[in-house]
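Below is one structure, written out as structure tokens; the observations come after it.
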Amino acid sequence: MGAPATNTLSWTEGKLFENDFNNYSPSIGFAWDPFRSGKTSIRANYRLSYDRFPSQVFANSIFQSAPGNTFAATASGIGSSNLLIRNGLPNLFPTQTPAQLRTPPAFSTGTITVLDPDMQYPEVHQWFAGFQREIGFGSVLELNYIGKKGLHLFGGYDSNQVNILARDARCPENFLQAFNTLRANTTANSCLINLLFTGDPLNNAGTTTFRGITAVANTLVANNTGGGVANAALAVSQHTTGGVQTIGRPANFNNAFFLQRFPQYTGALNVLDTNDYSFYNGFEAILKRRMNKGIAFQLGYTLSKSMDTRSFDPTFTIVSRANNQSASSTPFDINNRKLNYAWSDFDRRHAIQATYVAELPFGRGKHFGSDISKALDYVIGGWQLAGTFNWASGRPFTVYSGLNTFSNVNQSFANCNNCPRNLGDLVERNGTWYWFSTEAEGKFSQPLPGELGNSGRNYFIAPRQFQTDMSLSKKFKFSERYSFDLRVDARNLTNTASFGLPTATQNSAVFGRIRDSVTSFARRIQFSGKFNF
């Protein structure tokens, strides 16, 4: 601690993370019949549990790229040389020893994934309180409350996020201010930019070089593709002169760490950690009836709220980036993880679900046709109707600006002033379904350089979900041994379209379009029969 920064560090052997031997998981609960009638039950419980780490992520992203433990080599010209296995394999000799491979180059645009040595096993607190009462007619009513809090949840971030507020004592401006100055005035010069590229605050060749970098020039434009100060900072950090990082050269700025903490991996230094958390509250009302007089059903309503800093499991893609919906789970600011705390990707405030089975009242012994002939009863009696019903309010999604005005890892949010969460609705525009009307789309705007955007993670609500399925069936018995089952099954009986998420990047030419994200199947009706013997 306190040692000067250096880019000649080496990887050393050691534990990935410390052992954890104090994960005790108590569980307690009770059930009480307050009236001693056997018809009422009050239950409550609490449980503390721990989760395991997904081992696949270590195999895919840690062990295979551990410096010094792995070596990659290629033999060029194999295809053109027509080499044959029977003539022997080409010799692939490492040019460095494992010890040498553990010292990365002082600068590269490469990427590596590491583990936070302070990782802890994910911890989940769960509590429940419920009331159950038999209300007659073979029916039971349940009222339940469910709470859950997750701590030390598995996640990841890019530790090499650029620092757009980086400042040098020799200049009055930080990088963001210098960027805004040059963006506003095409003939202006910047003390800091000159210093970064020439080592001299007064040498305007530094500003000229800065403007000449293609990635920077694109961010300086005034239209809706400009303003990506984080992209400009990354371009400066990765700029080289004579094969050496420009800002790290003694003849230039002589500080390789000015914009990123690890110049050895300016592409990304992804860190897997356990610093995410979540909170869930839910109320359930359930009415269920066992089979009685040919009818059985269960009807449930859930009112819930789920919030977290991360909903996306990074097992396979490690750190989601740019404008992916899952990228909203990646920290927008590695120094302020609370910025990500918002509604979960899977939060659905209201949900109604039902299942049912009903024997149709036709045939002998039924309400209709109790005195019909045995032959007619064989045809119209014994039919059974069953089905499911599922309705849920829409889940949250993030509207991105399309620009990296704050972070080079995630795009910033779009601005939307005085916009309600339910701003979207299905509208037809030019023969295509959109989620935002022209008027609603006009409420969105681009954030300025350095701004994260005011709409926030998962602020807007996507379309609701609805589907009902139904089946009609009958068993024709020929004898004790032989029978025939006839079924008609209908999926999505009402042929209702359930949509996913719209195109949610504000500067996209198809912003708000939703026609290509249908998540439901078209109505399907299937006839089937089965002979039993």
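In table form, for the structure just shown:
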| read-out | value |
| --- | --- |
| Residue among F63, A44, A5 farthest towards the positive dipole end of the stretch 1-133, charges placed on Cβ | A44 |
| Centre separation in Å (Cα based) which lies between the stretch 410-433 and the stretch 462-516 | 27 Å |
| Mean shadow area of the stretch 178-231 over all directions, Cα convex hull, nm² | 3.2 nm² |
| Taking the chain and dividing mean pair separation by its residue count, relative contact order in percent (alpha carbons under 8 Å, at least six apart) | 12 percent |
| Out-of-range pairs (alpha-carbon distance over 31 Å; input K149/K443; K39/K474; K148/K288; K39/K530) | K149/K443; K39/K474; K39/K530 |
| Neighbourhood charge, 10 Å Cβ-Cβ cut-off, centred on H125 and excluding it, Lys, Arg +1 and Asp, Glu -1 | +2 |
| Against the rule of thumb 2.2 N^0.38 Å, how large the Cα Rg of the chain comes out | 1.32 |
| Relative contact order [Cα under 8 Å, 6+ residues apart], the stretch 211-256, whole percent | 21 percent |
| Counting all C-alpha pairs of the stretch 441-485, share separated by more than 12 Å (%) | 80 percent |
| Antiparallel DSSP beta bridges within the stretch 305-431, percent to nearest 5 | 85 percent |
| Residue-by-residue Karplus 3J(HN,Hα) for the stretch 443-459, coefficients 6.51, -1.76, 1.60, Hz, glycine and proline x | 6, 8, 8, 7, x, 7, x, x, 9, 8, x, 9, 6, x, 5, 6, 7 |
| Residue-count net charge about N174 - beta-carbon cut-off 14 Å; Lys, Arg +1, Asp, Glu -1 | 0 |
| Reference-scaled alpha-carbon Rg (2.2 N^0.38 Å with N residues) for the stretch 253-360 | 1.76 |
| Proximal charge balance of L360 [Cβ under 11 Å; K/R count +1, D/E count -1] | +1 |
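A short reminder: the numbers here are calculations on the coordinates, not readings from a lab. Fair warning: this is a prediction, and the values are worked out from it, not measured in the lab. Positions of Cβ are generated from backbone atoms using ideal geometry, with glycine treated the same way; all protein chains shown enter the neighbour counts.
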